[in-house]
Amino acid sequence: MPTSVEQLMQWLSEPEGVRLEFKEAKNNYHFEKLVQYCVALANEGGGKIILGVTDRRPRKIVGTTTFPEPGRTEGGLHQRLSQRIPVEELQLPEGRVLVVHVPGRLPGTAWQIEGRYLKRAGDDLTALGDTELKAIFAESGPDFSAELCPGAGLNDLAPAAIALFRERWAQKSRDERKLLWSDAETLTNAELMLDGQLTYAALILFGTRAALGRWLAQAELVFEYRPSDASGPAADREEYREGFFNWQDALWNKINLRNEKQSYQDGLFRMDLLTFDEVPVREALLNAVAHRDYRLGSSVFVRQYPQRLEVVSPGGFPPGITPANILDQQNPRNRRLAEALAKCGLIERSGQGMNLMFESAIRHGKQLPSFAGTAEHEVRLALDGMVRSPAFVRFLERLGEKTLRSFSTDDFLTLDALHREQPLPQSFKDRLSGLVSVGAVEVVGRGRGARYILSGALYAALGAKGTHTRKRGLDHETNKALLLKHLSKQKADGAPLAELRQVLPALPSSAVQALMNELRDEGAVFLVGQRRWARWRLMEDRSYKLEDL
């Protein structure tokens, strides 16, 4: 919720402490310093950084001119820290105030910038001590994937799987010297083997079928193909009880066997889209392997339907992760396993795999990934394969690949919400100015009554000018003419604002008020009375005609 003036005043009266940090920042505040304070505040549980206020009581609002574009500042913080940190602007009579809402770190994790885990110490920043860091990392319990598997040795791993990992690691790091490492050196350098003993992460990635059957039978993925939702045996079923690198390509090939193309014709334009795009499917499988709870005895299940793919993995979301924040927060359950997959470029430790799934769904005109049915004991991820809006796919293609590559996940989500005519949360509203600048979105109206819709030029290119007209509504001058026509019928009685809102029901009250103020400034109307008795009247000796409507 937006910060109220009352809430701000309450904060100003409180002592600067764990949850609050006040900075005067009248004319300037270094962005890097803001980044560092965000890290420190998050490590202390989160709070507010308030700019434009004196830091000693009794505090006063002095105003700040720093960070003139809060949306851009928020984007910069996300780029540096891979965390969503809302930056809110308050325009008050005493001056402009910025409130930076810093979320708290998740259990078992600590924020860092350039390898420094920071905290506040009086008016300065300092590094968290080793004891403090150990206590933080111990909050979510031990990392099962980093534990040693007694009795397991190199003979329990598939050499070809290790070689594939080594090749990808060398390619990702652009260091061909890694190709010269032995299997033991590769495992040791990846922290998958400690003092000659294998970790469970090594078995999960490279283990043979016999080894997993003996040491970690639950590290299994079961694939099923079902032609419908009807109960009964699957039409096709296969069990993959080997290390991930032994079956990852085979499973995708299995899914791709029944991966139908969906074709759409629009004039001379023909579009063929696969029901299941390879990138989000592979990311879903990676997430299941990397983040499931291996302490539970059940397997990962992948169920393919003609137009839906479900991935069910044991263990609920890690602490602090929910469907609402999964794109912005990361808390890997199996840290050692995730680090190994990041080394070879298969996943990003910043959690971008989930972002790719959402972006792919939007770019292909499909419903967003769903976590419906997720519970404490399992995560259920559903990828919808049906292309529901081919026109929107063409709309995005018209923007050009270069522009699309520059978009963040929030940019895609904002366009998707506009397309579905859904309300925009504040984080999406902050992306609108950038989308307007690249021609993806246009603004209708002014001030508080402004609305945003997808670009008319792109609608025209798609042959959907009528759709654009419907979404845009009547233009500014036509709206004014409608109001004047109504007032001309009321004559001396005039009309209250509530009645005028009925003339333009699609506009909010503030937008109708703005139109009437504009007409008054033009000398076309005047206001008599106050409050509930106020009436707008047409100026005498003026007549207005509504033409071409």
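At-a-glance table
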{"read-out": "Note, ³J(HN,Hα) from phi for the range 416-429, Karplus 6.51, -1.76, 1.60, rounded to Hz, x at Gly and Pro", "value": "5, 5, 5, 4, 8, 6, 9, x, 9, x, 4, 4, 7, 4"}
{"read-out": "Rounded to the nearest 10 Å², the accessible area of Y117 at probe 1.4 Å", "value": "60 Å²"}
{"read-out": "Percent carbon-and-sulfur accessible area, the range 189-337, ignoring ligands, DNA and RNA, probe 1.4 Å", "value": "47 percent"}
{"read-out": "Rounded tilt (10° steps) of 509-521 against the dominant C-alpha axis of the chain", "value": "40 degrees"}
{"read-out": "Cross-link reach list, lysines versus K119, counting only Cα pairs under 28 Å and skipping chain neighbours closer than eight places", "value": "K23, K26, K33, K48, K60, K134"}
{"read-out": "Average accessible area per residue (Å²) across the chain - probe 1.4 Å, nucleic acids and ligands excluded", "value": "51 Å²"}
{"read-out": "Exposure of K366 as accessible area (Å², to 10), given a probe of 1.4 Å and all protein chains", "value": "10 Å²"}
{"read-out": "Calculated Rg and Dmax of the range 284-370 using C-alpha coordinates, Å", "value": "13.3, 38"}
{"read-out": "CD proxy at 222 nm, helix term only [per DSSP H run n ≥ 4: -39500 (n - 2.57); per residue of the chain; nearest 500]", "value": "-11000 deg cm²/dmol"}
{"read-out": "Accessible surface ranking that places the most exposed of R19, R166 first, with a 1.4 angstrom probe", "value": "R19, R166"}
{"read-out": "Cα principal axis extents for the chain, largest first, Å", "value": "99, 67, 43"}
{"read-out": "Carbon/sulfur fraction of accessible area - the range 23-124, other protein chains in place, 1.4 Å, %", "value": "45 percent"}
{"read-out": "Probe 1.4 Å, all protein chains present, accessible-area order of E69, E176, largest first", "value": "E176, E69"}
{"read-out": "With DNA, RNA and ligands ignored, accessible area of K134 (1.4 Å probe; Å², nearest 10)", "value": "150 Å²"}
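The values are calculated or read from the model by the stated rules, or taken from the named source; none is laboratory data. Since this is a predicted model, take the numbers as computed values, not measurements. We work out accessible area using only protein heavy atoms, side chains counted, and drop any ligands, DNA or RNA first. Shrake-Rupley method; radii C 1.70, N 1.55, O 1.52, S 1.80 Å.
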